[in-house]
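Novice: Handing you this structure, nothing more for now.
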Amino acid sequence: MLFNIGKCKVVHFGRANQSYDCEMSNCKLEVVTEEKYLGVWISQDLKVSRHCLQAYSKANKLLGVLNRTVKCKDTANLLCFYKALIRPHLEFCTSAWSPYYAKDKVLIEKIQRRFTRMIPHLRHLPYEERLAKLRLWSLEDR
């Protein structure tokens, strides 16, 4: 198998790792602290904060686009858009990066909170009631 040496990188995992320099075809490989692999950000300490931040950022931007472009704030339409366009970014490959720190869970859940506030007649209700009326689960429960 041929490797593109320019795309090869090294991530050293663990505190006791000696962090040796690696070479391939007499070229020193770049050492990085985190790298995106198959759509999931992996850091040398195996924390998922970077991936949660990236998922939050992408979903938040899409939620803003949805809020600005959809004029008819019909509950069924918004829910359909949310489930098809936004939630997949929050749930992509969760079995690999499932957030375990409270700050990461809160960050991801902020998107769904913001979405439920976009629906005019539910805006005044507490978050748990909005979820019940929309028949949604919190992202942590999913």
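Novice: Per residue of segment 67-78, what does 6.51 cos²θ - 1.76 cosθ + 1.60 with θ = phi - 60° give for ³J(HN,Hα)? Whole Hz please, x for Gly and Pro, Karplus curve as stated.
Specialist: 5, 7, 8, 8, 7, 8, 7, 5, 4, 5, 5, 4
Novice: Along segment 82-92, what does the Karplus equation 6.51 cos²θ - 1.76 cosθ + 1.60 (θ = phi - 60°) give for ³J(HN,Hα), rounded to whole Hz, x for Gly and Pro?
Specialist: Computed from phi, the couplings for segment 82-92 are 4, 5, 8, 10, 9, 4, x, 5, 7, 10, 4 Hz.
Novice: Here's a follow-up. Applying a 10 Å radius around every beta-carbon, put 71-78, 110-117 in order of their mean neighbour count, most first.
Specialist: Averaged packing, sorted descending, gives the order 110-117, 71-78.
Novice: Ok, one more. Taking the Cα centre of the chain as origin and charging only Cβ (+1 Lys, Arg; -1 Asp, Glu), how large is the dipole, in debye to the nearest 20?
Specialist: 840
Novice: Then there's this: Please list the non-local residues whose amide H lies under 5 Å from the amide H of I42, H modeled 1.01 Å from N, same-chain partners needing a gap of 5 or more.
Specialist: The answer is E35, K36, Y37.
Novice: Against the longest principal axis of the chain, how steep is helix 102-118, in degrees 0 to 90 to the nearest 10, with axes from Cα atoms?
Specialist: In the chain, helix 102-118 runs at an angle near 30 degrees to the longest axis.
Novice: Okay, next question. Which pairs in the list K61/K105; K28/K103; K47/K71; K83/K105; K28/K58 are over 30 Å apart, alpha-carbon to alpha-carbon?
Specialist: In this structure, K28/K103; K47/K71; K28/K58 exceed 30 Å between Cα atoms.
Novice: What are the residues whose amide H is under 5 Å from the amide H of E30, where those residues sit 5 or more places off or on another chain and H is modelled from the backbone?
Specialist: V10
Novice: Just need the relative contact order of the chain here, percent rounded to a whole number, with Cα pairs under 8 Å and 6+ apart.
Specialist: About 19 percent, as a whole number.
Novice: Okay, next question. Which of these values of Rg/Rh (Cα atoms, Kirkwood Rh) was calculated from the structure shown: (i) 1.01; (ii) 1.13; (iii) 1.26?
Specialist: (ii)
Just so you know, all these numbers are worked out from the coordinates, no wet-lab data involved. Predicted, not measured: the structure shown is a model, and the values here were computed from it. Neighbour counts are summed over all protein chains in view; Cβ atoms, including those assigned to glycine, are modelled from backbone coordinates with ideal geometry.
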